[in-house]
Amino acid sequence: MRESAIPVRSAVPSVSHRVRSAARRIDAATPSERDRAVDALRALAIAGVVLGHWLVTALVADGGRLRTASPLQDMPWLAPISWVFQTLAVFFLVGGHVATKGYVSARARGMSYRRWLRARLTRLFKPVAAVLVLWTITAAGLLATGTGVDTVHALLKLALSPLWFLLVFAGLTAATPLLVRLNPLWPLAVVLHVDLVRFGLGGPSWLGWVNVAAGWLVPYTLGAAWTRGELERRRAGWILLVGGAVATAVLVAWAGYPASMVGVPGTPVSNLNPPTLAAVTFGLAQCGLALLLRASLRRAMRRPTAWAVVALVNLSAMTVFLWHQTALMATTATGLLAGRLPGLHTVPDGLGWVAARLVWLPVFALALFVCWAAFRVHEQSGAYEQGGGGPRRSRVVRAHRPSHGPSHRAAPRRARRV
């Protein structure tokens with residue numbers, strides 16, 4: 001008599017089950033007072049910058065050297081890509097909101113400005129040392145093995161380009177006590193007058209560098225207005241979105257500003273380096289959209305899996321930001337061993353390159369994951385604080401270590417902020 005086969009359920013949990021369980025633990029460990037929409041906006045801003053760089057940055061193998069190029073040079077109709085992925089204004093909006101909220105909270109607890117600032121800057125710059133050390137060694141090694149100075153310069157410029165953002169962000173953070181109540185219209189007026197002088201009156205080009213501070217001060221002070229409760233009504237978001245979009249369209253269509261919101265090699269004017277009035281008005285539109293999305297993001301972040309992804313990105317936001325260009329270059333250099341590969345080493349001059357580059361994105365992501373695994377230890381546990389500001393670790397999630405042994409059952413559990 002043949003025995004019937006009885007299915008046996010595996011005692012080993014599936015991968016998807018383990019992922020869902022981990023997501024539920026992160027969700028349960030998140031403080032109830034945390035505004036998850038803020039973290040979601042920060043994660044979206046970081047993702048936009050990373051994907052934008054990977055899509056519009058090309059390292060072309062030209063003879064024995066590598067040079068930078070952009071698909072926006074030969075395909076300017078791809079400019080809308082920059083409208084989606086140039087998300088720095090959202091990052092400064094969130095940064096201004098978090099910094100001003102944290103500063104006000106710290107002062108209410110009697111914390112000194114120096115102590116508050118040291119805590120924030122330490123959190124910001126701690127991961128930078130590893131990047132500088134690795135690229136100093138890499139550059140020295142490349143030069144010692146005969147690599148051309150032009151190639152080394154191109155690589156260093158890409159690898160270290162994220163540092164300009166940190167310097168500007170650190171400067172605005174240090175000035176937070178002066179910016180808590182500053183109206184965003186003041187720095188916007190500065191940007192307007194700078195562009196009028198340098199473009200309308202033929203003023204010196206170096207004057208544009210004033211906009212590096214003034215231009216990013218606009219979304220930063222919008223974040224302060226958010227903290228003050230001035231942007232809670234949806235009308236504020238709509239005014240920023242519609243007003244910024246219309247102003248940007250007018251500046252591009254009739255004032256001669258570039259349509260691309262990122263720099264394009266070979267063009268006389270860049271909207272980003274230094275920021276122009278068009279980049280700032282475009283940032284206003286982005287900030288308006290971000291404010292309008294807050295309620296939807298809060299609902300989406302109730303899903304444990306979605307929140308777990310956002311929380312993990314926030315835990316390593318600086319690591320991801322600082323190493324994403326290195327991941328691209330590591331993939332490009334490794335690929336040279338197999339020859340000149342399309343979408344990686346070829347000139348970005350057609351849709352074939354775009355299709356090939358999309359195929360490379362998962363490879364870049366894998367390389368970034370390796371960098372993250374190797375260097376995330378240099379970033380403090382916990383993401384940016386939303387309301388604290390002290391030297392303690394910030395509270396994205398709180399994990400509890402259960403006590404062991406019967407003698408400790410009644411003892412309170414010690415919280416570990418992760």
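Can we say residue 369 is surrounded by fewer than 20 Cβ atoms within 10 Å (Cβ to Cβ), in contact (Cβ under 8 Å) with a residue 40 or more places away in the chain and either among the aromatic types (Phe, Trp, Tyr) or on the phi > 0 side of the Ramachandran plot (or both)?
Details: surrounded by fewer than 20 Cβ atoms within 10 Å (Cβ to Cβ): yes; in contact (Cβ under 8 Å) with a residue 40 or more places away in the chain: no; either among the aromatic types (Phe, Trp, Tyr) or on the phi > 0 side of the Ramachandran plot (or both): yes.
Judged against the criteria, residue 369 is not a match.
Can you tell me which residue among 344, 315, 322, 351 is among the hydrophobic types (A, V, I, L, M, F, W, C) and either surrounded by fewer than 20 Cβ atoms within 10 Å (Cβ to Cβ) or at pLDDT 95 or above (or both)?
351 is the lone residue from the list that is among the hydrophobic types (A, V, I, L, M, F, W, C) and either surrounded by fewer than 20 Cβ atoms within 10 Å (Cβ to Cβ) or at pLDDT 95 or above (or both).
Give me a count of the residues in segment 10-66 that are of a type in the set (Gly, Ala, Ser) and in contact with a Pro (Cβ under 6 Å, 6 or more places away or on another chain).
Here is the first cut: in segment 10-66, the ones of a type in the set (Gly, Ala, Ser) are 10-11, 14, 16, 21-23, 28-29, 32, 37, 40, 43, 45, 47-48, 52, 58, 61, 63-64.
Filter again for in contact with a Pro (Cβ under 6 Å, 6 or more places away or on another chain), leaving 23, 58.
Counting residues in segment 10-66 that are of a type in the set (Gly, Ala, Ser) and in contact with a Pro (Cβ under 6 Å, 6 or more places away or on another chain) gives 2.
Looking at segment 37-63, I want the residues that are surrounded by fewer than 23 Cβ atoms within 10 Å (Cβ to Cβ) and have a partner that is among the charged types (D, E, K, R) with Cβ atoms under 6 Å, at least 6 apart or on another chain. Which pairs are those?
37/294; 37/298; 60/67; 61/340
Quick grid of which residues meet (1) assigned to a loop (DSSP other than H, G, I, E, B); (2) crowded, with 17+ Cβ neighbours inside 10 Å:
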{"residue": "130", "(1), (2)": "no, yes"}
{"residue": "136", "(1), (2)": "no, no"}
{"residue": "151", "(1), (2)": "no, yes"}
{"residue": "157", "(1), (2)": "no, no"}
{"residue": "163", "(1), (2)": "no, no"}
{"residue": "168", "(1), (2)": "no, yes"}
{"residue": "177", "(1), (2)": "no, no"}
{"residue": "183", "(1), (2)": "yes, no"}
{"residue": "187", "(1), (2)": "no, yes"}
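If you go through segment 104-112 one residue at a time, do you hit one that is within 15 Å of residue 180 (Cβ to Cβ), part of a helix (DSSP H, G or I) and touching a Phe, Trp or Tyr at 6+ places or on another chain (Cβ under 7 Å)?
yes
Looking at 285, 300, 249 in this structure, which one is within 20 Å of residue 191 (Cβ to Cβ) and touching a residue at least 24 places away in the same chain (Cβ under 8 Å)?
Exactly one residue qualifies, and that residue is 285.
If you take the residues of segment 291-309 that are not in a helix (DSSP H, G or I) and not charged (D, E, K, R), which of them is nearest to residue 36 (Cα to Cα)?
301
Are any residues in segment 57-82 more than 15 Å from the chain's Cα centre (by Cα) and under 23 Å from residue 287 (Cα atoms), and if so, which ones?
Listed by number, the residues that qualify are 78, 79, 80, 81.
Only one of 143, 172 is crowded, with 17+ Cβ neighbours inside 10 Å, part of a helix (DSSP H, G or I) and not charged (D, E, K, R). Can you tell me which? Talk me through it step by step, then tell me what you get.
On the way: 143 fails: crowded, with 17+ Cβ neighbours inside 10 Å.
The conditions single out 172.
The values are calculated or read from the model by the stated rules, or taken from the named source; none is laboratory data. Predicted model, so just to flag it, every value in this text is computed and none were measured. Cβ coordinates were reconstructed from backbone atoms using ideal geometry, including for glycine residues, and neighbour counts include every protein chain displayed.
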